[in-house]
């Protein structure tokens, strides 16, 4: 932000060049507007944030305690509030990102109305949300800097110097976004075209999964169908080319494997020699050995090790994998992705279990020593029940008496104050640090947090406001807490940009400016 003083001088020089026609232009006002518009395009953002991610990845390799985190967003305002809150509580945005969830776009942003996470929403709605998020984050910068500029104008002496230092060292609210491109919304060309829109909107990191585009399911639902590796890698390369074409050389690709819970494939992979990638993919198929005269009408067969094998085909025309091969397929998926241009991995699991994740990562790291994961700390998991059951099993294995607990009913409130529940909560609290240290997780995210927080807070407000608490339900449950916790949006006019607009009116019209922030503005009550 030291650029601020340079911009004042530059505009002052322009003013001299243009003579009296520019007499009304104040170089300091122009410099302030430039400072409040630091990022001119989405590509500026993508290049800036990609460097942040690359530096964070290197820091994690040196020290696994330096893992990164993010929360999912479905609106620009939500993303803005997260970063304002993070800066307020921690004075820094270091290692804290935003996650853009395809699930949230489908559920909350589609013109079709709420949709399941099956790639049925308009694909351009995802890039539109990236653009919206960065619009709000840039406005957060402008709002904060505007407040500092007003303080600068009112200050004198050493106080002025201190405020100038805050302006010069301003920390932007703009952080990396990990953006979910689902399974690519079509073929590799479609993936490339959409990836370009993501990047042009500001995304430095794109996450893609190895499901079939037109059969895509949420990672925590049944019926997932994967594609052969070469089909998936073509889309990975398409994303890399999109980054390179647009000049974002540090762009980050996250490849997600759903193989742990996906028991089906739509295609038998092409294979040319025994042991090649196609042959490895096909080796997991559930097959029956048959003879040539045992072929039936329409049968599909493959030959391996001199044997004729008929993959089991379902009425849906899908082929199924052998049971129990999920982890081995995940490991192969991950190694193959990292060997072909991916930067980070995502393994979608059915539960948050460090030993399970670490088991796969250890196998991957035998081939790729610095393999790193992005992990979904999903609201689809029942965290309380899962961790209480893990503690129950550990206590039982250690020979402790667990007769006071019903393993199937451990979610019950009656266990909340027990030793088992306390131990489980501590494991939940330290899960991210433990998993980053023991299972190679570089980035932890919660996909749908604000979907749930919005529902919970709305339920509480509706119960109080429409019940016997009336207006007190809002005042005590919302506004009073906003004021006392210093929540910025209690001054909602300021958050919507009214003070920025007042500054501009003064720049443009001087004393004739009709400003909104006068003595009668009720925001002054706060």
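For (1) in contact with a strand residue (DSSP E or B) (Cβ under 6 Å, 6 or more places away or on another chain); (2) exposed (fewer than 14 other Cβ atoms within 10 Å of the Cβ); (3) without any contact (Cβ under 8 Å) to a residue 12 or more places away in the chain; (4) under 16 Å from residue 146 (Cβ atoms), each residue gets a yes or a no:
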site: 460; (1), (2), (3), (4): no, yes, no, no
site: 469; (1), (2), (3), (4): no, no, yes, no
site: 474; (1), (2), (3), (4): no, no, no, no
site: 494; (1), (2), (3), (4): no, no, no, yes
site: 502; (1), (2), (3), (4): no, no, no, yes
site: 505; (1), (2), (3), (4): no, no, yes, yes
site: 508; (1), (2), (3), (4): no, yes, yes, yes
site: 515; (1), (2), (3), (4): no, no, no, yes
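Could you check residue 171 against (1) assigned to a helix (DSSP H, G or I); (2) surrounded by fewer than 19 Cβ atoms within 10 Å (Cβ to Cβ); (3) in contact with a helix residue (DSSP H, G or I) (Cβ under 7 Å, 6 or more places away or on another chain) and say which number it fails?
(1)
Only one of (1) within 27 Å of residue 447 (Cα to Cα); (2) modelled with pLDDT of 95 or more fails for residue 321. Which number is that?
Residue 321 satisfies all of (1) within 27 Å of residue 447 (Cα to Cα); (2) modelled with pLDDT of 95 or more except (1).
Can you go through 83, 120, 104 and tell me which one is in contact with a helix residue (DSSP H, G or I) (Cβ under 8 Å, 6 or more places away or on another chain), modelled with pLDDT under 95 and assigned to a helix (DSSP H, G or I)?
It is 104.
Does residue 68 fit the bill of being surrounded by fewer than 15 Cβ atoms within 10 Å (Cβ to Cβ) and in contact with a helix residue (DSSP H, G or I) (Cβ under 7 Å, 6 or more places away or on another chain)?
Considered against the rule, which asks whether it is surrounded by fewer than 15 Cβ atoms within 10 Å (Cβ to Cβ) and in contact with a helix residue (DSSP H, G or I) (Cβ under 7 Å, 6 or more places away or on another chain), residue 68 comes out as no.
Out of the residues in segment 338-355 that are in contact (Cβ under 8 Å) with a residue 24 or more places away in the chain, outside any loop (DSSP other than H, G, I, E, B) and over 17 Å from the mean Cα position of the chain (by Cα), which is farthest from residue 424 (Cα to Cα)?
In this case the residue turns out to be 339.
Could you check segment 51-74 and list, in sequence order, the residues that are in a loop (DSSP other than H, G, I, E, B) and at pLDDT below 95?
Of everything in segment 51-74, just one residue is in a loop (DSSP other than H, G, I, E, B) and at pLDDT below 95, namely 74.
Quick test for you: out of 405, 392, pick the one residue that is modelled with pLDDT of 95 or more, crowded, with 16+ Cβ neighbours inside 10 Å and part of a helix (DSSP H, G or I).
392
Is it the case that some residue within segment 95-102 is buried (at least 19 other Cβ atoms within 10 Å of the Cβ), out of contact with any strand residue (DSSP E or B) (no Cβ under 9 Å at 6 or more places or on another chain) and touching a residue at least 12 places away in the same chain (Cβ under 8 Å)?
no
Here are some conditions: (1) without any contact (Cβ under 8 Å) to a residue 60 or more places away in the chain; (2) more than 23 Å from residue 49 (Cβ to Cβ). Residue 90 meets all but one. Which one does it not meet?
Result: residue 90 fails condition (2) only.
Counting only residues that are surrounded by fewer than 20 Cβ atoms within 10 Å (Cβ to Cβ), give me the strands (runs of 3 or more DSSP E) lying completely in segment 186-301 with at least 2 of them.
By residue number, 287-290.
Say whether the condition of being over 30 Å from residue 56 (Cα atoms), more than 27 Å from the chain's Cα centre (by Cα), touching a residue at least 12 places away in the same chain (Cβ under 8 Å) and assigned to a helix (DSSP H, G or I) is met by at least one residue in segment 366-385.
No, every residue in segment 366-385 fails to be over 30 Å from residue 56 (Cα atoms), more than 27 Å from the chain's Cα centre (by Cα), touching a residue at least 12 places away in the same chain (Cβ under 8 Å) and assigned to a helix (DSSP H, G or I).
The values are calculated or read from the model by the stated rules, or taken from the named source; none is laboratory data. What you are looking at is a predicted structure, and each value in this text was computed from that prediction instead of being measured. Ideal geometry is used to build each Cβ from the backbone, glycine not excepted, and the neighbour counts take in all protein chains shown.
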